[in-house]
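The values are calculated or read from the model by the stated rules, or taken from the named source; none is laboratory data. Please read these numbers as outputs of a predicted model, since none were measured by experiment. As a convention, Cβ positions derive from the backbone with ideal geometry for all residues, glycine included, and neighbour counts pool all protein chains shown.
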């Protein structure tokens, strides 16, 4: 079989294909199919995204340099998935920081949580099934991808600040005018982590944002930002240890 004919038939289904898809389309021996795919990869006609998943490099593309949008590739690495945390903050314009890693939520277990594809780093963050909500779809280069909505992104970042650049980035996001405050509180309750509510309550008080955050009854204190040194003054109302310089938050006003 000519390589050109092989690629042409696959390309009719799209620029991304899996080994199983190729097998169903081509109806050839699996061993022979593996040899063809190996030769095509060596020639630069296709590139491997993940195990058993490939992208067809167009004629104008150059081996090792052509790639898809990182969110599209991220959507192929694990199922189910959602673009989230710092990546979602950046997508919605809620932070000026450009993360060097694409963060992806999933309920699936993967041996490797950190993956690099085409020079881009991907971080797979495994969470409980109950925490998968607040998703929406967006179109990226004619492909639908799953991403957490604005409000869920903020709640996720309060749940795991280490994946968004810290609580300061959440504070920036909270000041955006296009947020649904009722949805933020609903999500804060739903995620099942009292620390999220306490961090949210403290930030809203400090930034004078009018959000009706429920009080939490507890004697225990938690760190406002677990990515920072574990020392700071205590806020008795929300039971958080303010372990970052409030002047940094004040400059956001």
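Report whether or not residue 5 is assigned to a helix (DSSP H, G or I) and at pLDDT below 85.
yes
Quick check on this structure: which one of 141, 169 is in contact with a helix residue (DSSP H, G or I) (Cβ under 7 Å, 6 or more places away or on another chain) and at positive phi?
141
Output the number of residues of segment 92-130 satisfying the condition of being touching a residue at least 40 places away in the same chain (Cβ under 8 Å) and touching a strand residue (DSSP E or B) at 6+ places or on another chain (Cβ under 8 Å).
Going through segment 92-130 one residue at a time, the tally reaches 10.
When residue 223 is evaluated against the numbered criteria (1) surrounded by 16 or more Cβ atoms within 10 Å (Cβ to Cβ); (2) modelled with pLDDT of 95 or more; (3) within 23 Å of the chain's Cα centre (by Cα), which criterion, by number, is the only one it fails?
(3)
Any residue in segment 97-114 that is at pLDDT below 90, in contact with a helix residue (DSSP H, G or I) (Cβ under 9 Å, 6 or more places away or on another chain), surrounded by fewer than 17 Cβ atoms within 10 Å (Cβ to Cβ) and within 30 Å of residue 175 (Cβ to Cβ)?
yes
Name the residues in segment 19-60 that are in contact with a strand residue (DSSP E or B) (Cβ under 9 Å, 6 or more places away or on another chain), without any contact (Cβ under 8 Å) to a residue 40 or more places away in the chain and within 14 Å of residue 7 (Cα to Cα), would you?
Once the filter is applied, which keeps residues that are in contact with a strand residue (DSSP E or B) (Cβ under 9 Å, 6 or more places away or on another chain), without any contact (Cβ under 8 Å) to a residue 40 or more places away in the chain and within 14 Å of residue 7 (Cα to Cα), segment 19-60 yields 19, 22, 25, 37, 40, 41, 46, 54, 57.
Of the residues 212, 180, 149, which is touching a strand residue (DSSP E or B) at 6+ places or on another chain (Cβ under 7 Å), assigned by TED's automatic domain parsing to the domain that holds residue 238 and touching a residue at least 12 places away in the same chain (Cβ under 8 Å)?
Unique residue meeting the criteria: 149.
When you look at residue 224, is it in contact (Cβ under 8 Å) with a residue 24 or more places away in the chain and either on the phi > 0 side of the Ramachandran plot or touching a strand residue (DSSP E or B) at 6+ places or on another chain (Cβ under 6 Å) (or both), yes or no?
yes
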